[in-house]
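S.K.: One structure, as structure tokens, below. Some questions next.
The values are calculated or read from the model by the stated rules, or taken from the named source; none is laboratory data. A quick note: this is a predicted structure, and the numbers were derived from the prediction, not measured. Glycine gets a Cβ as well: all are built from the backbone with ideal geometry, and neighbour counts include every protein chain shown. Side chains are part of the model used for accessible areas, which takes the heavy atoms of the whole protein and leaves out ligands, DNA and RNA. Shrake-Rupley method; radii C 1.70, N 1.55, O 1.52, S 1.80 Å.
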Amino acid sequence: MQSSIKEKLSFLYKPYVLAVLTIGYIAGELGHYLIGVTSKATAIELVYGDQACQQNHTDFLRHELPAQCAEFIIEHECHQQHINGTVYCEWNYNGLGLEYQLLAGPSFIAVFTVMGVVLGVAADRYNRVRMLFVCTLVFAVAILMQGTVKEYWHLILLRMVMAAGEAGCNPLATGIMSDIFPESKRALVMAIFNWGIYGGYGIAFPVGRYITKLDIGGLGWRVCYYGTGVLALIMAVLTGTTLREPERQSIGEDAAGKAKVNLWKVLLQPRVLLLVFAASIRHSGGMTFAYNADLYYNIYFPDVDLGWWLFAVTIGIGSIGVVVGGIVSDKVVAKMGIRSRVACLAISQLLATPFAFGSVYFEPLWAMITLGISYFFAEMWFGIVFAVLVEIVPLQVRSTTIGVFLFVMNNIGGNLPILVDPLAKAIGYRGSVMFFYAGFYGISTVLFFITMFFMDGPKPEETATLGRDPTSHPNHVEMGHENNTFQPDDYLPSPHTNGANGHQRNIVSVRPSESSRL
């Protein structure tokens, strides 16, 4: 009886795995991005970063003020600003400065990227579910501990520990999901999972703003980290006790053969190099906005509470964009080949770029409208990038390649936003955010467009299906691509051929020198 019930419910296992992995990733990313929303409160208590003149009286609207607080760079002049005796400016830590940029970016990225490679290599050799359990447990404890810090360096150290644990989430979970979901759903599944980044980031706005203001138990911003850490601990337990290691499957181009793979040959392909560079620039634009959005809108619109708006845009509109991007990519790739996925990337970022400019140019209402439109198109990118990546690299080095890819992408994308501070001192904070955020969206559009021409286009139907029933193989993956790039020059066709034409039963063999792929 118990076995019968288990069999009937077995269809729920795959979506359950996706849900556990995604919620765990959301918890980790929430812990990652909370600093961008709680930074001002954290800086005031732990004493770090820049001090500036800021509006501290929300009863006054900006247009009612005789002078804007941000105009004053001398402390005593800041304190002299008043309306009918009511001082509306204060001189205090604003949550910005080099210390904040180091805390938000490099301290996390330095460990995250290195551990991503290490754990990616390990994922190709060891049990991924057990490793993911340990990783989730590590970042859960680190997030909890961040709520107890007394010094700035404590926060730096714990963010590094958190990064070490969170580094395993993407390569480990991506490997697990690619082995249990078919190609026809892969981009959508990857998009849903990687939306965890934006889910965590979006949830950080209301959690960081409003939970901090509630000052529960006099703990202020610390409660945000306690709650996030508890959620991450729950997901760690579910990961370790309810998930099972799937059988490793050959997918995409790797489904063609089991030849020995040279990792460097895979990594140094022009298409992989271009993809990682384009993704790095796009990631830098996203990270710039993620680390600076709350601070930016608080500085320029201090009398307008945009916390719930930012949450709604990020979670609501961003979610729709993620799903639409995955569905479009999955539907189109079957007809147009892997190149179509990269075309989706280029087109989506092109459409997002002008609206990204609008989100930091306009006043609050139109800023939120243009941000929503930008998010709809912009957030298609992450899941599609990794769907492309797992389909153009072989099984033997899949997780390792993802780890290296993330290492490069996060080192470039995660560290470039540190330049926001020096550029802001030269051209202003708004101009600096606009350049690194919207400007990098535009640059990534061009790079994705170039990358598209290095990918395989649609294949002739007779070549893709010649001599085989596509559903007959026990490890069938729909619309598999040949893997000749990774076959040695002395590769010989299998003796098990199909008829007089000499075609292999499962693939059509072409020597590497004859491949159109660079």
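S.K.: Name the single residue, out of those in segment 258-289 being small (Gly, Ala, Ser) and open to solvent by 10 Å² or more (accessible area, probe 1.4 Å), that is nearest to the chain's Cα centre (by Cα).
M.R.: The qualifying residue nearest to the chain's Cα centre (by Cα) is 286.
S.K.: Let me ask something else. Tell me which residues, restricted to segment 283-324, are closer than 24 Å to residue 99 by Cα, in a loop (DSSP other than H, G, I, E, B) and at pLDDT below 85.
M.R.: Correct list: 302 only.
S.K.: Next up: Which members of segment 63-102 meet the condition of being at positive phi and within 38 Å of the chain's Cα centre (by Cα)?
M.R.: Listed by number, the residues that qualify are 95, 97.
S.K.: Still on this structure, please answer the following. Considering every residue within segment 106-120, establish whether at least one is assigned by the TED database to the domain that holds residue 238 and outside any helix (DSSP H, G or I).
M.R.: no
S.K.: Which one is modelled with the highest pLDDT, of the residues in segment 325-355 that are β-branched (Val, Ile, Thr) and crowded, with 19+ Cβ neighbours inside 10 Å?
M.R.: 353
S.K.: Inspect all residues belonging to segment 155-167 and state whether any of them is out of contact with any Asp or Glu (no Cβ under 7 Å at 6 or more places or on another chain) and closer than 20 Å to residue 345 by Cα.
M.R.: No - not one qualifying residue is present in segment 155-167.
S.K.: Restricting to segment 91-144, and then to whatever is touching a strand residue (DSSP E or B) at 6+ places or on another chain (Cβ under 8 Å) and open to solvent by less than 50 Å² (accessible area, probe 1.4 Å), can you tell me which residue is nearest to residue 161 (Cα to Cα)?
M.R.: Looking at residues that are touching a strand residue (DSSP E or B) at 6+ places or on another chain (Cβ under 8 Å) and open to solvent by less than 50 Å² (accessible area, probe 1.4 Å), I get 96.
Residue-wise test of (1) under 17 Å from the mean Cα position of the chain (by Cα); (2) closer than 23 Å to residue 116 by Cβ; (3) not in a helix (DSSP H, G or I).
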{"residue": "348", "(1), (2), (3)": "yes, no, no"}
{"residue": "354", "(1), (2), (3)": "no, no, no"}
{"residue": "367", "(1), (2), (3)": "no, no, no"}
{"residue": "371", "(1), (2), (3)": "no, no, no"}
{"residue": "376", "(1), (2), (3)": "yes, no, no"}
{"residue": "391", "(1), (2), (3)": "no, yes, no"}
{"residue": "409", "(1), (2), (3)": "yes, yes, no"}
{"residue": "416", "(1), (2), (3)": "yes, yes, no"}
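S.K.: Follow-up. For segment 291-320, which residues satisfy the criterion of being within 15 Å of the chain's Cα centre (by Cα) and open to solvent by less than 10 Å² (accessible area, probe 1.4 Å)?
M.R.: Within segment 291-320, 291, 314, 318 qualify.
S.K.: Let me ask something additional. When you check residue 48 against the structure, is it among the hydroxyl-bearing types (Ser, Thr, Tyr) and in the same structural domain as residue 242 (by the TED database), yes or no?
M.R.: no
S.K.: Given the residues 379, 363, 391, which is the only one that is farther than 21 Å from residue 348 by Cβ and among the acidic types (Asp, Glu)?
M.R.: The match here is 363.
S.K.: Does residue 191 satisfy the condition of being part of a helix (DSSP H, G or I), touching a Gly at 6+ places or on another chain (Cβ under 6 Å) and surrounded by 22 or more Cβ atoms within 10 Å (Cβ to Cβ)?
M.R.: yes
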